[in-house]
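Trainee: Sharing a structure with you now.
The values are calculated or read from the model by the stated rules, or taken from the named source; none is laboratory data. Because the structure is a prediction, the values reported are computed rather than measured. As a convention, Cβ positions derive from the backbone with ideal geometry for all residues, glycine included, and neighbour counts pool all protein chains shown. Side chains included, ligands, DNA and RNA excluded: accessible areas come from the protein's heavy atoms. Shrake-Rupley method; radii C 1.70, N 1.55, O 1.52, S 1.80 Å.
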2 protein chains.
Amino acid sequence: MADEKNPVRFGILGCAEIARKVCRAINLSPNSTLHAISSRSTEKAKQFAVKNGLSDLVKVYGSYEELLDDFSVDAVYIPLPTSLHLKWAVLAAEKKKHVLLEKPTALNVGELDRIIGACESNGVQFMDGSMWYHHPRTAKMKELLSDANLFGEVRMIYSSSSYMPPPDFFENNIRTKADLDPFGALGDAGWYCIGAILWAMNYKLPTTVTALPATTLNSDGVIMSATVTLHWEQEGTVATFHCSFLAHETMDVSVLGSKGSFHVEDLIIPYEESSASFNFTSGASFVDHHLGWNTKEKEVRIHHKLPQEALLVTEFSRLVKGIKDSTIGPEARWGAISRASQVLLDAVKSSVDGGSKTVYI
Amino acid sequence: MADEKNPVRFGILGCAEIARKVCRAINLSPNSTLHAISSRSTEKAKQFAVKNGLSDLVKVYGSYEELLDDFSVDAVYIPLPTSLHLKWAVLAAEKKKHVLLEKPTALNVGELDRIIGACESNGVQFMDGSMWYHHPRTAKMKELLSDANLFGEVRMIYSSSSYMPPPDFFENNIRTKADLDPFGALGDAGWYCIGAILWAMNYKLPTTVTALPATTLNSDGVIMSATVTLHWEQEGTVATFHCSFLAHETMDVSVLGSKGSFHVEDLIIPYEESSASFNFTSGASFVDHHLGWNTKEKEVRIHHKLPQEALLVTEFSRLVKGIKDSTIGPEARWGAISRASQVLLDAVKSSVDGGSKTVYI
């Protein structure tokens, strides 16, 4: 619950499952408060409020428009289906609401550019809902990755993000419908692999992107599983990722450098809320006679107070407050990060649609 | 040291670095004894004997032929450069010596077929020198991988095998010379990735093999680094591996199934000699609100007495003794395993040589 004066007042557009987690995060964030929720019907919004034990002070709207017309709302969180992002994110920006947008951010980078453009021209902050960027573990991993003596140059990145939803998911979930979210497992799970790979490469785009022929589509043409390779020609770096609705739950990232390597297996949602770890080694080699190694991977564990989603909300609200107080302008970095991911999402989709053709970025 | 009656008497052809480890393994193996070593000069062989503290009872030959003509030698270990395997392995078989052959087994599968054929027609055992197959950890991993309820079907395999040798390696080592070992990092490090991937797929060959354009060759055309994708069309399974002389030391295998997943990071040479572990999870899912996981990866640790290389020698000698005693015939499985790896080695090389073309198996 907000303990700072004048917390940023959030409104939520839509009552998706993920909104439950973000409601809680807003409540945990010291500079944020949940002001209003909305759904396509008042009844649905009320059910959500009851189910999540929201305070009676939280306003409940039966339409997204009403919420956007509430002058008390500073910022909106938009967990709507991807195909609705353009309309509602642009409208929110035009209503001077700061925009926290769930991923995948848009149906294509052209749409995302319109969203980011609307945020820029209305002077509001844009950020996507990827939580792991805000975890202190991520900062620690980056510190080690950036150490030329410990890690050296990035040679190879592998990531997998997968889960096996229950059978009704494949019938009813928005992530299986071409008109709502044509990226499917790529936009949901693959978004994180793409983000992690770009993060490891300091957001430099690869030269080429190729989806392997092993892609699985559902009857609606939506991606259920894909394996993708990326290549940075100048650096000679390669990345591979696998995203899937058809495999056991994983969220692996392995980065192999010239002098070190690291592994993390719970990137997007840490196993637990109060601490998270990754494994790091530098300077490993076999000992004499190749009987073993001179060093093992070491666990680096980070303890922290707030869960990463509350840290995301807190960072977003810090920017919003700065903009409201005119001490800073909107931070363009978050839009640029989302944009790089969207460019690769589009490239993978284009490769899949083109029968695994190589797409040049 | 051999504690069984009539231990299998080994001879070693060549004094490569790896022979030091195998000498020690033969001495550790209860059913094996080191009878003779050989090099292209007596002096070199004597130096090796002194350096490794070999018993004065070990015979020292100044040519491979002399060793093969020693009737007391039951079996030979051949760690010669790959281009010499065909000649010496075939000659050894013809001299009725059982053949333990260092990997990569041959310059191509045609050569390997001649080696295996010579072993078959002379009634001697063939096995390649991959040690990790013989580690009890491997058997435990296989047990879990084969459990349809715990692991399900294999969806994706990732492996990396890499190390960064000192600068003089790139000038002098046989693994950098096209006439001695044209596979380079692929035949050395990549052999293990290929083996691990085939092992996870019960040695079923993939439909296609494609080396990514990111291959690095030295001035002699030898592979210094490569990334490869493999696809099993019928199963929809994909594998990727990265092998390199230009990256930090790794030996990762991640196998993602429909119901479980596992990770091992020291496959070919365990961190330590007396125990080894891997991480395994089954049935993982996010908890309510996606605040964490219902289970973490669990470490499965196997304790054992003999190091894996001594287990390899012991298993090889067990087969040799059985053949000598006429209680069993040669075990064809080991040749088949080597052959599957060699087929993929050839396919990757062919893909590299063909400018990253897809090779159909």
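Trainee: If you go through region A:4-18 one residue at a time, do you hit one that is open to solvent by less than 30 Å² (accessible area, probe 1.4 Å) and at pLDDT below 95?
Mentor: The answer is yes; a qualifying residue exists.
Trainee: Considering region A:147-205 alone, what residues qualify as being closer than 25 Å to A:TRP88 by Cβ and among the aliphatic types (A, V, I, L, M)?
Mentor: Selection gives A:ILE174, A:ALA178, A:LEU180, A:ALA185, A:LEU186, A:ALA189, A:ILE194.
Trainee: Being open to solvent by 10 Å² or more (accessible area, probe 1.4 Å) and closer than 17 Å to A:LEU345 by Cα is true for just one of A:THR215, A:THR227, A:THR176, A:THR240. Which residue is that?
Mentor: Selected residue: A:THR215, the only one of A:THR215, A:THR227, A:THR176, A:THR240 that is open to solvent by 10 Å² or more (accessible area, probe 1.4 Å) and closer than 17 Å to A:LEU345 by Cα.
Trainee: In addition: Residue pairs, Cβ under 8 Å, 6 or more apart or interchain, first in region A:182-200 and farther than 13 Å from A:TYR158 by Cβ, second among the aromatic types (Phe, Trp, Tyr) and open to solvent by 10 Å² or more (accessible area, probe 1.4 Å). List them.
Mentor: A:ALA189/A:TYR163; A:GLY195/A:TYR133; A:TRP199/A:TYR133
Trainee: Being open to solvent by 40 Å² or more (accessible area, probe 1.4 Å) and in contact with an Asp or Glu (Cβ under 9 Å, 6 or more places away or on another chain), is that true of even one residue in region B:33-48? Working first, answer last.
Mentor: Within region B:33-48, the first condition is being open to solvent by 40 Å² or more (accessible area, probe 1.4 Å), and the residues that meet it are B:40-44, B:46-47.
Now restrict to residues that are in contact with an Asp or Glu (Cβ under 9 Å, 6 or more places away or on another chain): none.
No.
Trainee: Still on this structure, please answer the following. Anything in region B:203-238 that is farther than 14 Å from A:HIS231 by Cα, among the hydrophobic types (A, V, I, L, M, F, W, C) and within 9 Å of another protein chain (Cβ to nearest Cβ)? List them, or say none.
Mentor: Residues satisfying the conditions are B:TRP232, B:VAL238.
Trainee: Go through region A:248-296 and give me each residue that's facing chain B (nearest Cβ under 8 Å), surrounded by 21 or more Cβ atoms within 10 Å (Cβ to Cβ) and under 29 Å from B:GLU153 (Cβ atoms).
Mentor: A:HIS248, A:GLU249, A:THR250, A:ASP252, A:SER254, A:LEU256, A:SER261, A:HIS263, A:GLU265, A:ASP266, A:ILE269, A:PRO270
Trainee: Considering only residues of region A:322-350 that are assigned to a helix (DSSP H, G or I), small (Gly, Ala, Ser) and out of contact with any strand residue (DSSP E or B) (no Cβ under 7 Å at 6 or more places or on another chain), which is most open to solvent (accessible area, probe 1.4 Å)?
Mentor: My answer is A:ALA336.
Trainee: When you look at A:THR210, is it among the hydroxyl-bearing types (Ser, Thr, Tyr), under 28 Å from B:PRO213 (Cα atoms) and open to solvent by 10 Å² or more (accessible area, probe 1.4 Å), yes or no?
Mentor: Here the answer is yes, as A:THR210 does meet what is asked.
Trainee: Would you confirm whether or not region B:258-270 contains a residue that is within 30 Å of B:THR208 (Cβ to Cβ) and among the polar types (S, T, N, Q)?
Mentor: Yes, region B:258-270 contains at least one residue that is within 30 Å of B:THR208 (Cβ to Cβ) and among the polar types (S, T, N, Q).
Trainee: Then there's this: Name the residues in region A:159-197 that are closer than 27 Å to B:THR358 by Cα and more than 10 Å from every other protein chain (Cβ to nearest Cβ), would you?
Mentor: A:SER161, A:PHE183, A:ALA185, A:LEU186, A:GLY190, A:CYS193, A:ILE194, A:ILE197
Trainee: Does B:SER130 satisfy being away from chain A (no Cβ under 12 Å) and either in contact with a Leu (Cβ under 7 Å, 6 or more places away or on another chain) or of a type in the set (Gly, Ala, Ser) (or both)?
Mentor: Against the criterion (away from chain A (no Cβ under 12 Å) and either in contact with a Leu (Cβ under 7 Å, 6 or more places away or on another chain) or of a type in the set (Gly, Ala, Ser) (or both)), B:SER130 qualifies.
Trainee: I'm trying to understand the selection: among the residues of region A:179-204, which are open to solvent by less than 20 Å² (accessible area, probe 1.4 Å) and not aliphatic (A, V, I, L, M)?
Mentor: Selection gives A:ASP181, A:PHE183, A:GLY184, A:GLY187, A:ASP188, A:GLY190, A:TRP191, A:CYS193, A:GLY195, A:TRP199.
Trainee: Quick check: is even one residue across region B:32-54 out of contact with any His (no Cβ under 9 Å at 6 or more places or on another chain) and in contact (Cβ under 8 Å) with a residue 40 or more places away in the chain?
Mentor: For region B:32-54, residues out of contact with any His (no Cβ under 9 Å at 6 or more places or on another chain) and in contact (Cβ under 8 Å) with a residue 40 or more places away in the chain: present.
Trainee: Residue check, A:GLU315 against (1) within 9 Å of chain B (Cβ to nearest Cβ); (2) of a type in the set (Asp, Glu); (3) surrounded by fewer than 24 Cβ atoms within 10 Å (Cβ to Cβ); (4) touching a residue at least 12 places away in the same chain (Cβ under 8 Å), all met but one. Which one?
Mentor: Condition not satisfied by A:GLU315: (1).
Trainee: Going by what's in this entry, would A:SER244 be described as touching a Cys at 6+ places or on another chain (Cβ under 7 Å) and at pLDDT 95 or above?
Mentor: For A:SER244, the condition - touching a Cys at 6+ places or on another chain (Cβ under 7 Å) and at pLDDT 95 or above - is not met.
Trainee: Right, something else. Only one residue in B:SER282, B:SER254, B:SER277, B:SER244 is touching a strand residue (DSSP E or B) at 6+ places or on another chain (Cβ under 8 Å) and under 13 Å from B:TYR163 (Cα atoms), so which one is that?
Mentor: On inspection, the qualifying residue turns out to be B:SER244.
Trainee: Using the structure shown, decide if B:MET156 is aliphatic (A, V, I, L, M), within 14 Å of chain A (Cβ to nearest Cβ) and buried (at least 22 other Cβ atoms within 10 Å of the Cβ). Don't jump to the end; show me each part of the working.
Mentor: Numbers: aliphatic (A, V, I, L, M): yes; within 14 Å of chain A (Cβ to nearest Cβ): yes; buried (at least 22 other Cβ atoms within 10 Å of the Cβ): yes.
Yes: the conditions hold for B:MET156.
Trainee: For region A:81-102, give me the residue count where each residue is among the charged types (D, E, K, R) and either open to solvent by 20 Å² or more (accessible area, probe 1.4 Å) or on the phi > 0 side of the Ramachandran plot (or both). Give the steps one after another, and end with the answer.
Mentor: Of region A:81-102, the ones among the charged types (D, E, K, R) are A:87, A:94-97, A:102.
Still in the list and also either open to solvent by 20 Å² or more (accessible area, probe 1.4 Å) or on the phi > 0 side of the Ramachandran plot (or both): A:87, A:94-96.
So the count comes out to 4.
Trainee: Then there's this: Given the conditions (1) farther than 26 Å from B:LEU212 by Cβ; (2) free of Cβ contacts under 8 Å to residues at least 24 places away in the same chain; (3) open to solvent by 40 Å² or more (accessible area, probe 1.4 Å), and given that A:ASP353 satisfies all but one, which numbered condition is not satisfied?
Mentor: For A:ASP353, the failing item is (1).
Trainee: Go through region A:297-309 and count every residue that is within 11 Å of chain B (Cβ to nearest Cβ) and over 23 Å from A:ASP252 (Cβ atoms). Outline the logic, then answer.
Mentor: Let us first name the residues in region A:297-309 that are within 11 Å of chain B (Cβ to nearest Cβ), namely A:297, A:307-309.
Imposing the further condition that a residue be over 23 Å from A:ASP252 (Cβ atoms) reduces the set to none.
So the count comes out to 0.
Trainee: Give me the residue from region B:104-146 that is closer than 27 Å to B:SER275 by Cα and without any contact (Cβ under 8 Å) to a residue 60 or more places away in the chain and, out of that set, most open to solvent (accessible area, probe 1.4 Å).
Mentor: Among them, the one singled out is B:GLU143.
Trainee: While we're looking at this one, here's another question. Among the residues of region A:199-210, which ones are of a type in the set (S, T, N, Q) and either part of a loop (DSSP other than H, G, I, E, B) or over 28 Å from A:GLY257 (Cα atoms) (or both)?
Mentor: A:ASN202, A:THR207
Trainee: Residues in region B:19-29: is at least one surrounded by 21 or more Cβ atoms within 10 Å (Cβ to Cβ) and either more than 14 Å from every other protein chain (Cβ to nearest Cβ) or hydroxyl-bearing (Ser, Thr, Tyr) (or both)?
Mentor: Checking region B:19-29: at least one residue is surrounded by 21 or more Cβ atoms within 10 Å (Cβ to Cβ) and either more than 14 Å from every other protein chain (Cβ to nearest Cβ) or hydroxyl-bearing (Ser, Thr, Tyr) (or both).
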